[in-house]
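Each reported figure results from applying straightforward, stated rules to the coordinates on display, with no laboratory input. As the structure is a prediction and not an experimental result, all values here were calculated from the model. Glycine also receives a Cβ, built like all others from the backbone with ideal geometry; neighbour counts cover every protein chain displayed.
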Amino acid sequence: QETAQGADNNLVYDLAGVVVHIGSAQSGHYYSLVQALPRETASELRELFGRAPNGGAEGAEGWFRCDDHTTAAVESLPDVLEKECYGEGLPHRSAYMLVYRKSQSNRVSLDE
């Protein structure tokens, strides 16, 4: 969890996705690590848009690796981030963009 900077700096945001780049500055491939939506949020979105998010897997939990043709569950996000998002190894892999979602708890106490 991260705390946002700015006028209302006690809002809390959770990591919701990571776009990963494999390759060099001249060429490469992208894939995403995404967190499934909580069941309550998925139900609300279905009511609003008429379809289930998470690829139809309502109630899915955890993190998923979404590539061109496959989606697979991620067993341990910290392990995947360490292995695939710090520019090491060949081919080079780096976290390209981080996506945050406002936390359900919304605020953190300044005393924490």
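Along region 21-27 the Karplus relation, 6.51 cos²θ - 1.76 cosθ + 1.60 evaluated at θ = phi - 60°, assigns HN-Hα couplings of 10, 10, x, 10, 5, 7, 7 Hz to successive residues, with x for each Gly and Pro. Simple spin-label estimate for ALA16 and MET97 gives 1.4 nm between the two label positions (7 Å along the Cα-to-Cβ direction from each Cα).
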